[in-house]
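Here's the structure we're looking at; comments come further down.
The values are calculated or read from the model by the stated rules, or taken from the named source; none is laboratory data. Treat the numbers as computed from the prediction; the structure is a model and nothing was measured. Using ideal geometry, Cβ is built from the backbone for each residue, glycine included, and neighbour counts are taken over all protein chains shown. The accessibility values were calculated without ligands, DNA or RNA, using every heavy atom of the protein model including side chains. Shrake-Rupley method; radii C 1.70, N 1.55, O 1.52, S 1.80 Å.
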Amino acid sequence: MQPRAATLEMADNLAAATAEKGAARRPIMLFFTQPGCAFCERARRQYIRPLAATPEWSARTRAVEVSRAQKLRGFDGVEATGAEIARRYGVRVYPTVVFVDAGGGALAAPLEGFTVPDFYGAYLEERLQQATARLRGK
C-alpha cells in the first residue's frame with residue numbers, strides 16, 4: 001500500500017521550492033491540473049499524492065492549477081497565472097507532470113495525460129529517474 005498525503009500543495013511561489021537544503025541537486029515535480037478534470041484527480045489520488053507524501057518528494061512536489069484566477073510566482077520571481085506557467089512548459093493536455101531544476105529548466109520529457117493508468121506509475125518513475133540523472137550529471 002502506498003503512503004497517502006492529506007493534500008498536495010498548490011504552487012504559490014515556485015522559487016520558494018528551491019530554498020530547501022540540497023534543492024540544486026534534486027528535481028522539482030510540477031503537476032499541472034485543471035478544475036473538474038477526472039483524469040487529473042485520478043492521477044493525483046493514485047500516484048502524485050502518495051509520492052508527495054514521501055520525505056524525499058514532499059517539499060519538491062507542487063500542483064499548478066491551470067485557471068485564470070490562480071496567481072503564483074514563477075521561478076523567475078514574476079507573478080503569473082497557472083495558465084501562463086503551463087504555456088511556458090508547453091502544457092497542452094491535463095494532467096501533465098513536468099520535472100525541473102531549481103531555475104525552472106526542464107530535466108525530462110513531460111508526462112502528458114493519463115491514458116494508460118496501468119503504466120502511469122512506471123512512466124512517472126522513469127521520468128523521475130531521468131530528471132534526477134540529468135540533474136546530477138550537470
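Going by average Cβ neighbours within 10 Å, how do the peptides 124-130, 94-100 rank, with the highest at the top? Mind dumping the intermediate values first?
Details: 124-130: 15.9, 94-100: 23.7.
Ranked from most to least packed, the peptides come out as 94-100, 124-130.
Between Asn13 and Glu79, with labels modelled 7 Å along Cα→Cβ, what's the label distance in nm to one decimal, could you check?
Result: 1.3 nm between the two label points.
For n ≥ 4 DSSP H runs only, could you compute -39500 (n - 2.57) per run for the chain, divide by its residues and tell me the 222 nm figure to the nearest 500? Walk me through the intermediate numbers first.
Working: 4 runs with 38 residues, N = 138.
Counting only the DSSP helices, I get -8000 deg cm²/dmol.
Can you find, among Pro55, Ala86, Tyr120, the residue sitting farthest towards the positive end of the charge dipole of the chain, where Lys and Arg contribute +1 and Asp and Glu -1 at Cβ?
Pro55
How high is the FRET efficiency between Gln130 and Ala69 when r is their beta carbon distance and R₀ equals 22 Å, given to the nearest 0.05? Walk me through the numbers before you get to the answer.
Working: r = 33 Å, r/R0 = 1.50.
The value I calculate is 0.10.
Can you give the extra length, in nm with one decimal, that the chain gains between Arg92 and Arg42 once fully stretched, where that is 0.36 nm per residue apart less the Cα-Cα distance? Intermediate results must be reported in sequence, preceding the final value.
Working: separation 50, 0.36 × 50 = 18.00 nm, distance 1.82 nm.
Residue separation times 0.36 nm, minus the Cα-Cα distance, leaves 16.2 nm.
Taking the chain as a Gaussian network, Cα atoms linked when under 10 Å apart, which of Arg88, Arg42, Arg26 shows the biggest mean-square fluctuation?
Checking each option, the largest mean-square fluctuation is seen for Arg88.
Of all the accessible heavy-atom surface of the chain, with the other protein chains kept in place and a 1.4 Å probe, what percent is carbon and sulfur? Could the numbers behind the result be given before it?
Details: 3660 of 7290 Å².
Here it works out to 50 percent.
Might you tell me the accessible area per residue for segment 38-82, computed with a 1.4 Å probe and given in Å²? Intermediate results must be reported in sequence, preceding the final value.
Working: 2150 Å² over 45 residues.
With all protein chains present, segment 38-82 gives 48 Å² per residue.
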